[in-house]
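Q: Mind having a look at this structure? Questions to follow.
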Amino acid sequence: MSNNEVSDKRRKIILASAATPLAATLKSGAAMAASSAVCQPLEGDISNMKFAGRGNSLYGDNAVRYPVPTMKKDPGTGQPESNLIFYIENQWWHHGGALFDGDITKYKDYEDAYVLVLYNTDDAGTYEVGLWPKVQREPFGYDARFPINGSCLTSIKVNGGFKYTPL
């Protein structure tokens, strides 16, 4: 057998092996993440906000969060302490989603709150809707607004990109 004949046989073997499918093993859950086009809403008791300075684990529920400044009513005003107000997109917001229109001088700076970034999803993909409390949670229906697990962001493309860079 000549060297050319050996080279031709080797070439045919190599070409044939390239056409053979390759079996690969993915780590547990990776196949689902790789094929996932849509993130599911997080379920259960998920805090709308967390504070690192008050001993809250920021990553306990693994929800996508974003830090925002807060203010708290000064107890020296003679009025009972009210809920915090949250600074989002150059405006102050109450827990319930109402725009704050009170006297800001009765409030004092408080620590940053790590609030939920809320999303919606449809056949076209996943969309970032906004930050709680400006956007209130709505887990079901056409206009759903729900938190997602941070690991979802590794397997999806958020349509329109990220307005709020997740933690």
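Q: Of the listed peptides 110-123, 133-146, what is their order by residue-averaged count of other C-beta atoms within 10 Å, with the highest listed first?
A: Packing proxy ranking, top to bottom: 110-123, 133-146.
Q: Which length gain, in nm to one decimal place, applies between Asn149 and Lys72 when the Cα-Cα distance is subtracted from 0.36 nm times their residue separation? Walk me through the intermediate numbers first.
A: Details: separation 77, 0.36 × 77 = 27.72 nm, distance 2.88 nm.
Difference between extended and current length: 24.8 nm.
Q: Which links in Lys134/Lys163; Lys50/Lys72; Lys106/Lys134; Lys73/Lys163; Lys50/Lys134 stretch past 19 Å when you go from one Cα to the other?
A: Violating the 19 Å Cα-Cα cut-off are Lys106/Lys134; Lys73/Lys163.
A short reminder: the numbers here are calculations on the coordinates, not readings from a lab. This structure is a prediction, so every number in the text was calculated from the model and none was measured. Counting neighbours? That spans all protein chains shown, and the Cβs are built from the backbone with ideal geometry, glycine included.
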